[in-house]
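First up is the structure itself, then whatever we jot down about it.
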Amino acid sequence: MKTIMIRTLLLCMLLVNSVYAQQSKTAQFVSEYADVNGVKLHYVKAGHGKKLIVFLHGFPEFWYEYKNQLEEFSKSNEYTVIAPDMRGFNLSSKPDSVKDYQVKYVIEDLRQLSEKLGYKKFTLVGHDWGGVIAWWFAIIHPDYLDKLVIINAPHPAVFQRELTNNPEQQKASTYIKFFCSAQAEQTLSANNYKSLLGSVFGDDLKARNFTTADQQEYLKAWSQPGELTASLNYYRASFGIGSGLNPASYQVNVPTLVIWAEKDQYLMASNLTGLDKYVPNLTIKKIPDASHWVIHEQPALVNQYIKDFIK
């Protein structure tokens, strides 16, 4: 009887420790808000280091895209890491006007956010639309950046060249015209966002390291009032009204790492050709067996490339 009681007590202790470990792991992600540039930005924060790393998500994602990176880089005492929901996405403000999604406003959101957090120098990581914003931020505000990391996002000058001259990229970018159309919201949200789910998660959740719980997080974000229209307005503003920026040059005078998955179905690898003309201090890491969603498919490799670069 005594042996049974001891075993029961030990089992209870193990269960309590397990629950506590899970709570601690969850508690390392802190959800916060900041009023900047006329909008309220939601961001998730982890770590307590002196150096800041900012992760910018793409479409149709939100801060959650970088949960693996937040967990990994917050382990080090060197870094504080944050992943904002960019304006229009998930829990951040969603201005009504299309022009409010011009690139110039989004990069100013980021500049003011970094200063509000007490940083005038940081490392910036961006994928997809987050990568486009990151390129522009580095062009306009190089003095704010220690390092720049781009994951499958085209440099603005190179992408314009490809859209003008490359039929393969033109074909791959036909979705942009649809995203700018009046039918986009209805089509993308139909059948409980079936189209978006298929795009991000694919046919096999495990292939992209997703769970059904991850799916629910995305569905919850997409279901935020006005979220889909606001996030699509990035395309409508950029390809209709324009970025709102007219730089003297498109030079990126920041040490830059470009991680490029070669099976990207939306962005051709030709976006790397001639990139060094605009980015003198450039490192390129190609990942042959990954798609546009490489952050999910190969998070450990992405993390390692970033670690090696920023050290």
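Read the figures in this text as sums done on the coordinates, not as results from a lab. As the structure is a computational prediction, the values presented were derived from the model and not from experiment. Glycine also receives a Cβ, built like all others from the backbone with ideal geometry; neighbour counts cover every protein chain displayed.
Show me the helices (runs of 4 or more DSSP H) entirely contained within the range 101-186 in which 3 or more residues are over 21 Å from the mean Cα position of the chain (by Cα).
Numbers: elements: 103-116, 129-140, 156-165, 167-172, 174-179.
Answer list for the range 101-186: 156-165, 167-172, 174-179.
Working only within the range 129-186, note down all residues that are over 30 Å from Lys311 (Cα atoms) and of a type in the set (A, V, I, L, M).
If the condition is that a residue be over 30 Å from Lys311 (Cα atoms) and of a type in the set (A, V, I, L, M), then Leu163, Ala172, Ile176, Ala182, Ala184 are the ones that fit.
Tell me which residues, restricted to the range 73-87, are of a type in the set (D, E, K, R) and surrounded by fewer than 21 Cβ atoms within 10 Å (Cβ to Cβ). Steps first, please.
Our first condition is that a residue be of a type in the set (D, E, K, R); within the range 73-87, this holds for 75, 78, 85, 87.
Lys75, Glu78, listed by residue number.
Please list, ordered by first then second residue, the pairs with beta carbon atoms under 6 Å, 6 or more apart or interchain, first in the range 97-120 and surrounded by 16 or more Cβ atoms within 10 Å (Cβ to Cβ), second in a helix (DSSP H, G or I) and hydroxyl-bearing (Ser, Thr, Tyr).
Once the first residue is surrounded by 16 or more Cβ atoms within 10 Å (Cβ to Cβ) and sits in the range 97-120, its partners that are in a helix (DSSP H, G or I) and hydroxyl-bearing (Ser, Thr, Tyr) give Tyr101/Tyr234.
Which one is surrounded by the most Cβ atoms within 10 Å (Cβ to Cβ) among residues in the range 134-176 that are more than 20 Å from Glu262 (Cα to Cα), of a type outside the set (A, V, I, L, M) and in contact (Cβ under 8 Å) with a residue 60 or more places away in the chain?
Restricting to residues being more than 20 Å from Glu262 (Cα to Cα), of a type outside the set (A, V, I, L, M) and in contact (Cβ under 8 Å) with a residue 60 or more places away in the chain, the top hit is Trp136.
Could you please let me know if Phe239 is farther than 17 Å from Phe159 by Cα, touching a residue at least 12 places away in the same chain (Cβ under 8 Å), assigned to a helix (DSSP H, G or I) and of a type in the set (Phe, Trp, Tyr)? Please lay out each step first, then the result.
On the way: farther than 17 Å from Phe159 by Cα: no; touching a residue at least 12 places away in the same chain (Cβ under 8 Å): yes; assigned to a helix (DSSP H, G or I): yes; of a type in the set (Phe, Trp, Tyr): yes.
Criteria not met by Phe239.
Within the set of pairs 6+ apart or on separate chains, which have a first residue in the range 199-226 that is within 25 Å of Ala261 (Cα to Cα), a second that is part of a loop (DSSP other than H, G, I, E, B) and of a type in the set (Val, Ile, Thr), and C-beta atoms under 9 Å apart?
Once the first residue is within 25 Å of Ala261 (Cα to Cα) and sits in the range 199-226, its partners that are part of a loop (DSSP other than H, G, I, E, B) and of a type in the set (Val, Ile, Thr) give Leu205/Thr211.
Which residues, taken from the range 29-69, are of a type in the set (D, E, K, R), part of a loop (DSSP other than H, G, I, E, B) and surrounded by fewer than 20 Cβ atoms within 10 Å (Cβ to Cβ)?
Scanning the range 29-69 gives a single hit, Lys50.
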